[in-house]
Amino acid sequence: MIATSYHTHSRFCDGVGEVADYARAAIEAGIASLGASGHAPLPFQSDYAMRHEELPAYCAGVRSLAEEHRGRLRVHLGFELDFLPEYVDEILVAAAGCDPDLLVVGVHHLGLEDGGVPVPFDCAREEFEYGLLTLFGGNIRGLVAEYYTRVRALAEWATRAATGCTVPPILAHLDLAKRWNHDSMYFDEAASWYIGEVEATLEAVARAGLVVEVNTAGWRSGHGGPYPSGWIVRRCVDLEIPVVVTSDAHHPGQVAYSYARAEALLRDLGCTETAFLDEGGWQARPLEYQGGSRASL
C-alpha cells in the first residue's frame with residue numbers, strides 16, 4: 001500500500017545504478033512517487049557525496065525522467081544534505097541553486113578533527129570507534145548527547161534556512177546514533193537519559209514542522225526494525241509529526257525494501273496515514289488510499 005520512496009542514492013553519489021534504473025524499479029514495485037536524493041556536494045574531500053561538476057547532469061537527468069514518466073510515476077528532484085553547523089550553509093548553496101522538489105536532511109558527522117576535517121560516524125564501525133575515542137574520550141553518553149543536540153540544531157536551522165525548496169525537509173534516520181549499537185553494545189535505549197534526549201529532539205522536530213522518515217535501512221543493517229525505532233515512531237504519532245516510509249536505497253532493488261514490514265509496524269503503532277508530496281506540498285495519505293492526495297498537512 002505504501003507507494004512512495006523519497007530517499008534514494010544513485011551512482012551520482014554512493015549508490016549503484018542510474019536514476020532511470022530506480023524509476024523503472026519503482027514502477028515495477030508499485031511506487032507512485034519517487035525521490036532522487038543524491039548526497040549534495042561537500043566543501044571537503046568525500047567518497048560518498050556528489051561532485052560539483054556532476055550537478056548539471058544529475059539535475060537535468062532527473063527532470064527529464066519526471067517528464068518521461070509523467071502520468072504513471074512522480075519523479076522528484078532532491079538532495080540529501082549533511083548538517084554540519086560549520087559547513088551547512090555552504091553545502092546548501094549547490095542544492096538550493098537547483099530548485100529541488102524535496103530535501104532529506106540528516107546528521108552524519110559529530111565534530112571536527114584538527115584542520116577542520118569532519119569526523120563521520122555511520123559509514124564504518126571503525127569510524128564510530130575513532131570518533132568516540134578522539135572526540136568524546138570514550139564517553140558514549142557524550143557522543144549520543146552531541147548527536148541529538150545536532151539534530152535539534154538541524155530542526156531549528158530548517159525553520160529559517162532559505163533552502164530553495166518550498167516544502168519542509170524529510171528528517172533522515174532520526175536515531176542514527178544507534179547505528180552500531182547492536183544488542184545494546186554501547187548504550188541502553190530504554191535508559192532515562194536516552195529517552196530524554198529523544199523526547200527533547202521530537203519536540204524540536206514538531207516545532208519545526210519536519211517530516212520524519214521511517215527508514216527501512218534499519219532492517220538491512222540488522223537492527224530488527226527501522227530508523228527510528230518503533231517506540232519513537234509511536235511518539236511521532238502521538239505528537240502528530242508527519243511520517244513517511246523510505247528505503248534509503250543504494251541499489252534499484254532496494255527501492256521498496258521491507259515496505260510490507262514497515263506498513264505492518266505502522267498499523268501496529270496506530271499510524272493510519274503517511275505523507276505524500278503533491279503539487280500543493282506535503283499531504284496526508286491514508287495507508288490504504290491509492291488515489292490522489294487528501295487533506296493538507
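Read-outs throughout are calculated quantities, based only on the coordinates presented, and are distinct from any laboratory measurement. Only a predicted model underlies this, so the values are computations on that prediction, with no experimental measurement involved. A quick note on method: Cβ atoms are made from the backbone with ideal geometry, for glycine too, and the neighbour counts reach across all protein chains shown.
If I model region 50-126 as equal point scatterers sitting on the Cα atoms and use the Debye formula, what is log10 I(q)/I(0) at q = 0.13 Å⁻¹?
At q = 0.13 Å⁻¹ the computed log10 ratios are -0.52.
Taking region 87-126, which GluC sites (Glu not before Pro) meet the DSSP loop condition and have no more than 15 other C-beta atoms within 10 Å?
Glu113
Looking at region 165-297, what % of its DSSP beta bridges pair antiparallel, to the nearest 5?
That works out to approximately 55 percent antiparallel.
Based on the inverse mean of 1/r over its pairs of different Cα atoms, what is the Kirkwood hydrodynamic radius of the chain, in Å?
One over the average 1/r among Cα pairs gives 19.2 Å for the chain.
For region 1-53, compute Rg over Rh where Rg is the Cα radius of gyration and Rh is the Kirkwood radius from the inverse mean 1/r over Cα pairs.
My calculation of the ratio gives 1.06.
Based on DSSP, what percent of beta bridges with both residues in the chain are antiparallel, to the nearest 5?
Among the beta bridges of the chain, antiparallel pairing accounts for roughly 30 percent.
Which trypsin sites (Lys or Arg not before Pro) does region 56-106 hold that lie in a coil by DSSP with at most 15 other beta carbons within 10 Å?
Here the sparse-neighbourhood loop sites are Arg70, Arg72.
Binning every alpha carbon pair distance of region 87-181 at 10 Å from zero, what are the percents per bin?
15, 44, 30, 11, 0
Would you report the distance distribution of C-alpha pairs in region 1-119 as whole percents per 5 angstrom bin, up to the bin with the largest distance?
2, 11, 23, 23, 16, 11, 7, 4, 2, 0, 0
Quick check on region 1-151: of the DSSP beta bridges with both residues there, what percent are antiparallel, nearest 5%?
Counting only bridges with both partners in region 1-151, antiparallel ones make up about 10 percent.
Lys and Arg at +1, Asp and Glu at -1: add these up for the other residues within a Cβ distance under 11 Å of Gly218 and post the number.
+1
Region 131-182: percent of C-alpha pairs farther apart than 17 Å?
47 percent
With the dipole of the chain worked out from charges on the C-beta (+1 for Lys and Arg, -1 for Asp and Glu) around the Cα centre, which of Gln45, Val93, His76 lies farthest toward the positive end?
Comparing the listed Cα positions along the dipole, His76 ranks first.
What is the set of long-range amide H partners of Thr274 at a cut-off below 5 Å, with H atoms built 1.01 Å from backbone N?
HN-HN under 5 Å from Thr274: Arg285, Leu287.
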